1. Can you tell me which residue is surrounded by the fewest Cβ atoms within 10 Å (Cβ to Cβ) among those in segment 320-333 that are in contact (Cβ under 8 Å) with a residue 40 or more places away in the chain and touching a strand residue (DSSP E or B) at 6+ places or on another chain (Cβ under 9 Å)?
2. Hey, could you check segment 52-67 for residues that are at pLDDT below 65 and not charged (D, E, K, R) and say which is most open to solvent (accessible area, probe 1.4 Å)?
3. Which pairs turn up if I take residues in segment 376-401 that are farther than 19 Å from Leu214 by Cβ and look for partners that are small (Gly, Ala, Ser) and part of a loop (DSSP other than H, G, I, E, B) with beta carbon separation below 7 Å, at least 6 apart in sequence or on another chain?
4. Being of a type outside the set (Val, Ile, Thr), in a loop (DSSP other than H, G, I, E, B) and crowded, with 20+ Cβ neighbours inside 10 Å is the filter here; which residues of segment 111-127 pass it?
5. For segment 253-263, state whether one or more residues are in contact with a helix residue (DSSP H, G or I) (Cβ under 6 Å, 6 or more places away or on another chain), surrounded by fewer than 17 Cβ atoms within 10 Å (Cβ to Cβ) and either under 25 Å from Arg171 (Cα atoms) or of a type outside the set (A, V, I, L, M) (or both).
6. Do we have any residue at all in segment 193-207 that's hydrophobic (A, V, I, L, M, F, W, C) and either under 29 Å from Glu336 (Cβ atoms) or open to solvent by 60 Å² or more (accessible area, probe 1.4 Å) (or both)?
7. Tell me, please, whether a residue that is exposed (fewer than 12 other Cβ atoms within 10 Å of the Cβ) and not in a helix (DSSP H, G or I) can be found in segment 383-396.
8. Which count do you get for residues in segment 344-377 that are aliphatic (A, V, I, L, M) and open to solvent by less than 20 Å² (accessible area, probe 1.4 Å)?
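The values are calculated or read from the model by the stated rules, or taken from the named source; none is laboratory data. Quick caveat: nothing in here was measured; it's all calculated off a predicted structure. We place every Cβ from the backbone using ideal geometry, glycine too, and count neighbours over all the protein chains shown. These accessible areas exclude ligands, DNA and RNA; they are computed on the full protein's heavy atoms, side chains included. Shrake-Rupley method; radii C 1.70, N 1.55, O 1.52, S 1.80 Å.
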Amino acid sequence: MMKKLGIYVQVPFCQTKCTYCNFHTGVVASSRFAPYVEAVCWEIREHQELLRATGVPWDGGFVEKAHSQEWLCHEAVVDTIYIGGGTPSLLDPAHLRDILEAIRSTFVTELVEVTLEADPETIEAEKAAAWVAAGINRVSFGLQSFVDKELIAAGRMHRRADIYRAVPILRAAGLRNISFDLIAGLPHQTKQSWRQSLEELAALAPEHVSVYLLEIDEGSRLGKELLLGGGKYSAGAVPSEDEMADYYEMAQEALGAAGYHHYEISNWAKPGFESKHNLKYWQREPYLGFGAGAHSFSGTERWANAHDAAGYVAAVQNGRLPVEQHEKLTTESALEEELFLGLRQLDGIDLDRIEQEYGVTLAGKFDPLALAGLVKREGSLVRLAPERLSVSNEVFVELMR
């Protein structure tokens, strides 16, 4: 089956910076929104010329390696769009409509999934209706928690009541594909409060759920405070790594009991509602990213725009694309991606296919992991052990040695 192209649009604006956030987003005046959207639309329409001038060989299609080891060229047919951020739901609906129209007028489209990331406090009936009219058919909701104490400590703008106000508005607008995000490990989170979030989520019955463990690194205010051993941002109330692992396992059990299929380390879905766009990332299918900080993958090369939104707008207005990363994948790096991204999916990887395609032998890499109970093998199929998913990083570290 021929692969289709995904498009990602980055909107790097927020109302506030959450304490745990390590993304390149910012709080700016709403007057900055329109110039940014204009730049994104221009990048979309002129992407071939801009990429050519930057030295990225994208000519309107993508290449795919066949089992014969030959490279095949396919015309780009877009079937998924993901508008992420940041908080894209802050944009005026007309801005979102302009972005989608730019995509439709530039690419051949057979759209099956068009996702908008949104925060609960930004939801209004008129906006939701306009999103559906523009072609958005999926909303990814950044809830993070149903407990106000945790939301306040994390610097979130919404409260539990906003969730219960917003979901009926989206349903009334005709949205039948909603995803909820939760974070395990927020300050003040306990086993009881985490169970509450899981139970309330299940009662609202979104079609899709993402559960992320709190990331602790220097990229966020909370992460930096934790690494320094300080107490700002409720750092002293962050659960331990063992507690986070327990919360993850609680989520596995609760979501499974609620009828969700666990298909990727951090993602669960009701049957048929797996994220078609995000699957492209894990299955190494091609996608184009537009906007400040957006990443792209052609099948053989990866590139990314610079993160600074103002610099991005200025560059596009001057007729150039601010690509700050551009990598042509080697066989070795492509193989690493196959293993790392493939194992994130609970269906696992087919060793026979990978060994044939890359001309390698991998059994020696996986035998010790199987003996340690970290992976399970069924013939040529290898998958992470379901009961060890909370320590999956151990597997990835071993594989990359």
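1. To start, the set of residues in segment 320-333 that are in contact (Cβ under 8 Å) with a residue 40 or more places away in the chain comprises 320-321, 323, 326.
Filter again for touching a strand residue (DSSP E or B) at 6+ places or on another chain (Cβ under 9 Å), leaving 321, 323, 326.
On the way: Leu321: 21, Val323: 18, His326: 14.
By that ranking, first place goes to His326.
2. Of everything passing the filter in segment 52-67, His67 is most open to solvent (accessible area, probe 1.4 Å).
3. Lys376/Ala385; Leu381/Gly348; Val382/Gly348; Arg383/Gly348; Ala385/Gly373; Arg388/Gly373
4. Of the residues in segment 111-127, the ones of a type outside the set (Val, Ile, Thr) are 111, 113, 116-121, 124-127.
Narrowing the set further to residues that are in a loop (DSSP other than H, G, I, E, B) leaves 119, 124.
Answer for segment 111-127, where residues must be of a type outside the set (Val, Ile, Thr), in a loop (DSSP other than H, G, I, E, B) and crowded, with 20+ Cβ neighbours inside 10 Å: just Asp119.
5. First, the residues of segment 253-263 that are in contact with a helix residue (DSSP H, G or I) (Cβ under 6 Å, 6 or more places away or on another chain): 254, 258.
Pick out the ones that are also surrounded by fewer than 17 Cβ atoms within 10 Å (Cβ to Cβ) and you get 258.
Add one more test, that the residue is either under 25 Å from Arg171 (Cα atoms) or of a type outside the set (A, V, I, L, M) (or both), and what stays is 258.
Among the residues of segment 253-263, at least one is in contact with a helix residue (DSSP H, G or I) (Cβ under 6 Å, 6 or more places away or on another chain), surrounded by fewer than 17 Cβ atoms within 10 Å (Cβ to Cβ) and either under 25 Å from Arg171 (Cα atoms) or of a type outside the set (A, V, I, L, M) (or both), which makes the answer yes.
6. Step one: of segment 193-207, the residues hydrophobic (A, V, I, L, M, F, W, C) are 194, 198, 201-205.
Checking the rest, the ones that are also either under 29 Å from Glu336 (Cβ atoms) or open to solvent by 60 Å² or more (accessible area, probe 1.4 Å) (or both) come to 203.
Yes, that holds for at least one residue.
7. no
8. So the first thing to find is which residues in segment 344-377 are aliphatic (A, V, I, L, M), and the list is 346, 349, 351, 354, 360, 362-363, 369-372, 374-375.
The next check asks that each one be open to solvent by less than 20 Å² (accessible area, probe 1.4 Å); those that pass are 349, 351, 354, 362, 369, 374-375.
So the answer is 7.
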